[in-house]
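Laboratory data are not the source of any read-out in this text; all were calculated from the coordinates shown. Note that the coordinates shown come from a computational prediction; the quantities given were computed from them, not determined experimentally. Methodologically, a virtual Cβ is constructed for each residue, glycine included, from the backbone with ideal geometry; neighbour enumeration extends over all protein chains shown.
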Amino acid sequence: MNHTMLRKASQSLQPHFRRLHQQARQAPQSRKRTAAAASLISGITVGSYLFYFKPQRIYNDADTSANMSSSSIFQMKHDVSPDAESWKDTNTLHSLVWGSSSGRILVTGSHESEGTEGNMRQPTIAKWLEGVALRDLQLHRTHAACVDARGNVYQWGDGFFGPTSKGSAKPMPTLMGMNIVKLQLTDFKVYALSASGKVYVLAADALNQVVPAGQSSSKNSWLNSNWLRKNDRGVRYQELAAMEALGWNEKFVSIVVGDNHLLALTSNGRTFAHPVNKGANRFGQLGLRTFEIADPAAFNTTMKPDTLRIELPPNTAGNKATKPTQVASSLDVAKDLSNIDDSIIHWCTHLYEIPALRGVDVSQIAAGSRSSFVRTSTGRVLGWGANEFGQIGLGSNVTLRVITVPTEVVLWRMVPQKTQSRCLNVTAKGDLTSFIVERSDTGKPITADLLMCGNGQSGGLGNNTYTNSQGSPARVKNVSGLLQYSDRRQQVEPIMPVTVVISPTGHVMVALDTSAESHGVGGQDLMVWGRNFDYELGNGKKSSLAMPTFLDAPDGERLMLMKRKAKEVLDLGGNVIKKNVNVEQQAAAGYGNSVVYWRVVG
């Protein structure tokens, strides 16, 4: 008989399970509990008891020959960190960093004082984030950026300052006074979404944020006077305009990026795309083939630049990259676009509605390195783009390497026909994709499954396998189908995966909502798995993990993401900018590194 697997959410839940079992045995008939209900409660209790107290082999969607002890899902105890006492101080907001510190992404001191090629083996308090709460934080290979509580953007890292920078590399304010709420990073550009729904782009490096020397004297050129904007710090930025008109009060509410493309979602559920560079549609991930760029020949003239309409056909053969071609132009320019610089922020200045998604009410967007996804208001998912690792999730029978048309991802395979399935969240990064799916059936408790597909060569699928291709979304069982008993509601409820964070290099972090019935014990459990070449899993080891495991905080206790009201919040310059602010801890993942920072709520 298959019993529903129930994990112990916290130490405080054990008495509830015991009390529940005793009540089930001792309750009088007058309470009118049906035999079915008693059987369900006893099954849950006994199943949870056996799961927690009896060492056993646990199987999931992986090959039954794979070995995995039940103890592997619990945190690995380590020596107490030197940061233990500071971590226990709840009067100050402490953020944690671990993994690769290459490029001074996690450290902000000089090369001499803090080696840039070292790795942090376990979660370590970031002194430069003491007392700081952010709206967003994003990490890239050699540069990083964040938004403080006021909506100001800071940038840092060797990719921002330059690899030859020898001094301190503390985060530098760049885009100020724009009320930014969300950031997305690419190799050469930073995309920012404002609270008013504007999308901006600025250079990822400090050198290209200022007017180039060759253009500094052209104060009357179109480039400097009308097209590009410049704030009072001299930082140039570009606003991206929607090519198709937005409706009354319609604005952009979300942006995501892959390696070469950007997706944007409006408040009316419309989906737009933007080419980051000439590789934006190599795998069909852009969702459209043609768009306009400004004619570089007119940058230093006083006239508005004419546009070049170019085409980026997808490489459906999956072999060599397809070269972009010019479709039409009002100027006589060379048809070879290889000399056009697509790393500059005014390479393309528009967002284009994806034709195949017109009329589709979209609630969420997601982007892998070369793939795209939307979740509709009805809980269905469409995906397109690169699929050589099965990252779109179309099943093992679909062997196409490139999916050029948004195609529905079936998330109810191997599920009883009467069970209703609804996707609550889709997350993608690199070549991995995750889906949080709610399952409901009459007379049964609602459950939630975390499904993953794509390249799990480093264990990122979380199903006890190391495979580089998974086309059918597979259940991550240690965080799927979990239940807890609610004293308040007097019923069994699902333990929901709340947020999923996937790194571009293949490690995964998931927050589980176990706080509702923990009676003040803690917040959301943070579980990690996948690639671990740079200690990005924070367990002090370099071996990758194919199953979820808990993570230790600096004091040796299980790391849980908390919520609180901060007495004061600082900016990255150490200045108090807000008081009595509701904040919560949020996980972020970069290229071989991880962060848990405090995020402003609301």
Phi-based couplings in Hz for region 119-135 (Karplus 6.51, -1.76, 1.60; Gly and Pro marked x): 10, 9, 6, 9, x, 10, 5, 8, 4, 6, 10, 4, x, 9, 10, 10, 8
Residue order, fewest to most surrounding Cβ atoms within 10 angstrom, among Cys453, Cys423, Cys348: Cys423, Cys348, Cys453
Positive-end extreme of charge dipole, region 453-566 - chosen from Val501, Val528, Gly556 (charges on Cβ): Val501
Distance from region 533-602 to region 236-301 (C-alpha centre basis), Å: 32
Exposure proxy order (Cβ contacts within 10 Å, fewest to most) of Arg236, Arg413, Arg488, Arg121: Arg488, Arg413, Arg121, Arg236
Inter-centroid distance (Cα atoms) of region 365-385 relative to region 444-478, Å: 17
Highest-first arrangement of 369-377, 556-564, where packing means the average Cβ count within 10 Å: 369-377, 556-564
Descending principal axes extents, region 468-602, alpha-carbon based, whole Å: 48, 45, 29
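Provide Arg135, Arg309, Arg289 in ascending order of the number of other Cβ atoms located within 10 Å of each residue's Cβ, fewest first. Before the final figure, lay out the partial values.
Values: Arg135 20, Arg309 13, Arg289 16.
Least to most surrounded, the residues fall as Arg309, Arg289, Arg135.
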Region 128-194 and region 492-509: distance between their alpha carbon centers, rounded to Å: 24
